[in-house]
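Structure first, commentary second.
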């Protein structure tokens, strides 16, 4: 029986967009204070306190209505919607896989769409795979997203909005309990202790969706500051992983600015093969990439780098490739995620046989490297690793194929 669900959101049911108002989602405390001050609704002395209160309501409790911000005067709450919104990304399509994986197609403007995926039973509870760009410039030959032209970077608010939307869908914002809450945001007087739902499912964030995060590092770093803030969304930086195809000059900066866990989309143990699979390697070859990895801030056995290795039949899956990979990573605190190739329409690659993947992993294990085989999730809704591609781009590509040559 097919247990997939597929929902297309009817545009007629959506509230009309509210032009001219500032969306507070994605703003820092200081940016919120500046925005409040610019409206004339608060004095300079009040702006910082009110911004802290709004911050906590928006990012900690996930409220979408200013009227719910009960520790502020009713008059101010009534005026805030005239100037600001708390909008989430527009959900164009929502799908649920047979295995419980959820995928949302989000629209940020005409022809500007990205996908985000929640994968249950990953990490402590479940992982949200967020996108940092609409499209991609890297053209990795095994990746569906790599066939999509880059439209633009996503803003910090658009990245944070993906996390907030997932929490909405999973029902994982805390409710207010019975006791006083000890936070320095104006909540301590008469406020209540937040109570999270039992068995929370979203525990980890992975920047492994559409795009190359290090080509959008400013917005990624700002989004992480909000995601990790203990008075905000509150997901530890140790539970946030940023995956890069190897933008070498930005790797150290990523560690210094974010403290995130690092993942390298490697897929080959030598330059000749990696040049074919990951064209960025021609600009930043493996030797430079490995030097940057060894210099990653905080690198230790407790903070290992994850090397991602997609298993491609007859391409990179031989014993010789495994042994070369072992030599390449020698001395680097690392684990290696073996990723069965996830097929997508038009690809010429095939997934390695399961026995081959297990043998590859055994060789890595014997050399002392943890090498879990990633269970494919969401393949039936094209939500698995390497399968993401926004619907607008699919339609654009289809129209291009049908358009007469000029």
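The numbers here are math on the coordinates, done by the rules we state, and not lab data. Keep in mind it's a predicted model, so treat the numbers as computed, not measured. When we count neighbours, we look across all protein chains shown, and the Cβ atoms used for this are built from the backbone with ideal geometry, even at glycine.
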* Structure fact -> Taking r as the C-beta separation of residue 82 and residue 319 and R0 as 60 Å, the FRET efficiency to the nearest 0.05 is 0.35
* Asked: When a footprinting reagent is the concern and you count Cβ atoms within 10 Å, what order do 328, 27 take, fewest first?
  -> 328, 27
* **Spacing of the two label points (7 Å from each Cα toward its C-beta) at residue 225 and residue 112, in nm** => 2.1
* Compute the projected area of the convex hull of the Cα atoms of the range 54-167, averaged over all viewing directions, and report it in nm² to one decimal place. => 9.3
* Order of 318, 52 under a 10 Å beta carbon neighbour criterion, fewest first -> 318, 52
* Structure fact -> Expected unfolding gain across residue 71-residue 335 under the 0.36 nm per residue rule, minus the alpha-carbon gap, is 90.3 nm
* Asked: What's the extension gain from residue 300 to residue 42 if we count 0.36 nm per residue and subtract their Cα-Cα distance?
  -> 88.1 nm
* To do: Sketch the reach of a paramagnetic label on residue 367 as a point 7 Å from Cα along Cα-to-Cβ, and name the residues of the range 275-317 whose backbone nitrogen lies under 14 Å away.
  => 307-309, 317
* To do: Please work out how much length the chain gains when fully extended from residue 22 to residue 256, using 0.36 nm per residue of separation minus the C-alpha to C-alpha distance, in nm with one decimal.
  => 81.2 nm
* Asked: Can you give the alpha-carbon Rg of the range 21-85 over 2.2 N^0.38 Å, where N counts its residues?
  -> 0.96
* Asked: How high is the relative contact order of the range 90-179, in percent, with contacts defined as C-alpha pairs under 8 Å that are six or more residues apart?
  -> 17
* **Exposure proxy order (Cβ contacts within 10 Å, fewest to most) of 104, 344** => 344, 104
* Asked: Simple spin-label model, 7 Å along Cα-to-Cβ: residue 350 to residue 271 in nm?
  -> 3.2
